[in-house]
Amino acid sequence: MERTREKSSYYAGFTLIELLVVVAIIGFLTSISMVILSDAREKSRDSRRFEDLRQIKNALELYSVDKSGLYPPGDTFIVLTDGNYIGAIPVDPLNKSVYSYSYQGTNFNGTACSSGLCSGYLLKAVLEQSEQEALGIDIDGTFAGIDCADPAFCIIP
């Protein structure tokens, strides 16, 4: 009877191979979940960019109402904060220079408008995911001197 007890206490626990297999499986599952989570973060930041463009567009429309249907000239929309049309210019979720918001006032013929008040505008945000459905309804190509090729999301009024 003592002999059985010795034998069972000797075999209690896991072998090194079993522990290594479990650690490998946990590592594999963790790496898969990180890839999925990274994709979700990119989609979330792109959604934020869409919302930011909507806020800027609303502020531009308020500006236009006050200016008889015209928009600010040039390539900056900082005038929107001066006139209290928007509290602050939105900052890109990643805060990197590649992923930024662009504005360009435009003339009736779609060229850049650098002085006076403009008849239109172009808003641009560069997205992280080029598979976004919204990229099918935006402007592609070059407009008012701004490259709107995907993954850039460009809108006009």
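The values are calculated or read from the model by the stated rules, or taken from the named source; none is laboratory data. In this text the structure is predicted, and so the values were computed from the model without any measurement. Positions of Cβ are generated from backbone atoms using ideal geometry, with glycine treated the same way; all protein chains shown enter the neighbour counts.
Filter region 65-85 down to the residues that are in a helix (DSSP H, G or I) and in contact (Cβ under 8 Å) with a residue 12 or more places away in the chain, then identify the one that is surrounded by the fewest Cβ atoms within 10 Å (Cβ to Cβ). Can you show your working first?
To start, the set of residues in region 65-85 that are in a helix (DSSP H, G or I) comprises 65-66, 79-82.
Retained after the next criterion (residues that are in contact (Cβ under 8 Å) with a residue 12 or more places away in the chain): 66, 79-80.
On the way: ASP66: 10, VAL79: 16, LEU80: 22.
Within region 65-85, the match that is surrounded by the fewest Cβ atoms within 10 Å (Cβ to Cβ) is ASP66.
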Just one of the numbered conditions (1) at negative phi; (2) in a loop (DSSP other than H, G, I, E, B); (3) at pLDDT below 85 is not true of ASN95; which one? (1)
When only residues in region 86-130 that are of a type outside the set (Ser, Thr, Tyr), over 30 Å from ARG41 (Cα atoms) and touching a residue at least 24 places away in the same chain (Cβ under 8 Å) count, which is surrounded by the fewest Cβ atoms within 10 Å (Cβ to Cβ)? GLY116
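For (1) closer than 16 Å to ILE155 by Cβ; (2) touching a Phe, Trp or Tyr at 6+ places or on another chain (Cβ under 6 Å), each residue gets a yes or a no:
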site	(1), (2)
GLY27	no, no
VAL79	no, no
TYR85	no, yes
ALA125	yes, yes
Scan of region 115-157 for residues that are of a type in the set (A, V, I, L, M, F, W, C) and part of a strand (DSSP E or B), ordered by number: CYS118, LEU122, LEU123, ALA125, VAL126, PHE143, ILE146, ALA152, PHE153, CYS154, ILE155
